[in-house]
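The values are calculated or read from the model by the stated rules, or taken from the named source; none is laboratory data. The structure displayed is predicted, hence computed values, not measured ones. As a convention, Cβ positions derive from the backbone with ideal geometry for all residues, glycine included, and neighbour counts pool all protein chains shown. Side chains are part of the model used for accessible areas, which takes the heavy atoms of the whole protein and leaves out ligands, DNA and RNA. Shrake-Rupley method; radii C 1.70, N 1.55, O 1.52, S 1.80 Å.
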Amino acid sequence: MSESLSDPDKLQAGAKLRHRYVIPQDIPHGLTNLPPVEITNKEMEKPDDGEEDMCSDLQDIDDTIKKSSPKEANQKIKERLDDLANVNLNIAITGMTGAGKSTLVNAIRGLRNDDELAAKTDVTECTKYPTMYPHPTLPNVKIWDLPGIGTKDFNAKTYLKKVKWDTYDFFLIVSSERFKENDIKLAKAVRKKKKLYYFVRSKIDNDIYAESTKRDFNQENMLKKIRDDCKKNLKGLGSPKVFLISSFDLERYDYPKLISTLEEELPENKRFVLIHSLPVHSLDALERKKKYFRKLIWLSAFGASAVAITPIPGLSLACDYGILVSFFENVYKSFGLDEKSLELLSARVNKPVETLKAAKESRFKDGVNEDVLFDMLKKPIVVAALTIEQLSSFVIGIGSLTAGGVSIATIYHLLKKGLNEMAEDTKRVLKVAEIA
Ligand SMILES: Nc1nc2c(ncn2[C@@H]2O[C@H](COP(=O)(O)OP(=O)(O)O)[C@@H](O)[C@H]2O)c(=O)[nH]1
Ligand SMILES: [Mg+2]
């Protein structure tokens, strides 16, 4: 077969990629005679940061494989991937009117208050009912702007009933001043329902600005004073967590700490969705995402290497291409490389969207499409560690996995390669945007 695929083959294969799941056909494996792309042991020796803590995931996969037939195991792994894709995360933002709730809703979604899709913000703008704002690129992340909790005659139980408390995974109770009696009443009622809640002291940038003209101004001391003051007035709740933030500059102050706390305290599925949804406005945010996608690589590699799949002509590997496509599409969006995310970034940093787009250099620069996948899959790939046992012991030092097969190792490498290439593109975009 020649270097470029013949058109009918390409069309046929393209149609299958679009349908996500490959219909097995009677075609022998490994049809290309292109020079192989070699992935050496050297590339595999060093585990990536964060890969060590994947042992439990791999062990779970291994258990699934040991306990079931290959077909059942593959089915279970696919179900786990589907479950992950369908998890909803509902975030409730509450607090008094004017506290900065709607602005925080927008900031979490990566929007500014004047963006077209933004929640309305104004001191006079009162939200009467919970209003749901979907994440701009991930609709299963829902951020709820709850009605203001009012100043007097506040009944936390009635309020929670009215806002349908059970809908939410956690509550952020926002205040731009010291927390008041009603904030505390609400927190107690939320705690009674066994829901997670966190206090957010907003508009920290205002406090800093107001104090910064003083001769003996010291930011750290000032933030500590606010922190101590919040703790003092929340004493009745034990020692609840308080995060000082500015919705105009989320990466500064305590917002990253809020996220890492959520990472620790949310159930794993929810945690993944949360990380996935965060805008990439710093290298730290990118690294956090990369770490979670590395976990997904294992599942995707096992899920894609279905037992009875016959290859598409012209491609060197028989696997479930749908899983590969959706993995890359997810990473692409999550890393902020898609059109919508770049438009949002462009508005945020005041640079033309074309300039940001032009910073992308990788094979994914025009998106995740069939051509890119063909390019990745048309050459046979020789992975030095031929079996999953070798692969897993190279990467994380456990060699007890039972599943064998070159395809898992190969897919693992393709996914990892793509992930790294997209991460490099994101770094280039952030650099041009002058935020990293
Ligand atoms: N400086 C500063 N202003 C903020 C911040 N968050 C909200 N605001 C402003 O505070 C006002 C009320 O905010 P809004 O989000 O509408 O409050 P809500 O009534 O709780 O929804 C608006 O003018 C916002 O621009 C912040 O973190 N820093
Ligand atoms: Mg509001």
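Just one residue in the set 258, 286, 274 is at pLDDT below 90, open to solvent by less than 30 Å² (accessible area, probe 1.4 Å) and not in a loop (DSSP other than H, G, I, E, B); that residue is 274. Would you pick out the residues in the stretch 119-133 that are within 12 Å of ligand 2 (Cβ to nearest atom) and at pLDDT 90 or above? Within the stretch 119-133, 130, 131, 133 meet the criteria. Here residue 293 meets each of (1) under 30 Å from residue 60 (Cα atoms); (2) not assigned by TED's automatic domain parsing to the domain that holds residue 75; (3) not β-branched (Val, Ile, Thr) with one exception, condition (2). Between 185, 152, 180, 161, the distinction of being in contact (Cβ under 8 Å) with a residue 40 or more places away in the chain and more than 30 Å from the chain's Cα centre (by Cα) belongs to 180 only.
Taken over the stretch 94-114, the criterion of being over 22 Å from the mean Cα position of the chain (by Cα) and either open to solvent by 30 Å² or more (accessible area, probe 1.4 Å) or more than 8 Å from ligand 1 (Cβ to nearest atom) (or both) is satisfied by 94, 96, 97, 98, 113, 114. Criterion first (surrounded by fewer than 18 Cβ atoms within 10 Å (Cβ to Cβ) and within 15 Å of the chain's Cα centre (by Cα)) does residue 263 satisfy it? Considered against the rule, which asks whether it is surrounded by fewer than 18 Cβ atoms within 10 Å (Cβ to Cβ) and within 15 Å of the chain's Cα centre (by Cα), residue 263 comes out as yes. Determine the pairs where a residue that is in contact (Cβ under 8 Å) with a residue 60 or more places away in the chain, located within the stretch 202-223, has a partner that is in a helix (DSSP H, G or I) and within 14 Å of ligand 1 (Cβ to nearest atom) with Cβ atoms under 8 Å apart, the partner being 6 or more residues away or on another chain. The qualifying pairs are 202/103; 202/104.
The sole residue among 361, 343 that is open to solvent by 20 Å² or more (accessible area, probe 1.4 Å), at pLDDT 90 or above, not in a helix (DSSP H, G or I) and not aliphatic (A, V, I, L, M) is 361. Would you mind finding the one in 143, 173 that is in contact with a Gly (Cβ under 9 Å, 6 or more places away or on another chain) and within 16 Å of ligand 1 (Cβ to nearest atom)? Within the list 143, 173, the selection yields 173.
The set of residues in the stretch 134-152 that are open to solvent by less than 40 Å² (accessible area, probe 1.4 Å) and within 14 Å of ligand 2 (Cβ to nearest atom) comprises 143, 145, 146, 147, 148, 149, 150. For beta carbons closer than 6 Å, sequence separation of 6+ or different chains, a first residue in the stretch 331-346 that is hydrophobic (A, V, I, L, M, F, W, C) and a second that is modelled with pLDDT under 95 and in a helix (DSSP H, G or I), the qualifying pairs are 331/293; 331/419. Pull up the stretch 71-93, narrow it to residues that are buried (at least 23 other Cβ atoms within 10 Å of the Cβ) and away from ligand 1 (no atom under 16 Å from the Cβ), then point me to the one that is modelled with the highest pLDDT. My answer is 89. Taken over the stretch 199-225, the residue count meeting the criterion of being of a type in the set (Ser, Thr, Tyr) and more than 14 Å from ligand 1 (Cβ to nearest atom) is 1. The number of residues in the stretch 139-171 that are within 30 Å of residue 333 (Cα to Cα), modelled with pLDDT of 90 or more and part of a loop (DSSP other than H, G, I, E, B) comes to 3.
Figure legend. Inter-residue proximity from the stretch 103-116: first residues in the same structural domain as residue 142 (by TED's automatic domain parsing), second residues of a type in the set (Phe, Trp, Tyr), beta-carbon distance below 6 Å, spacing 6+ or different chains. Indicated pairs: 105/133.
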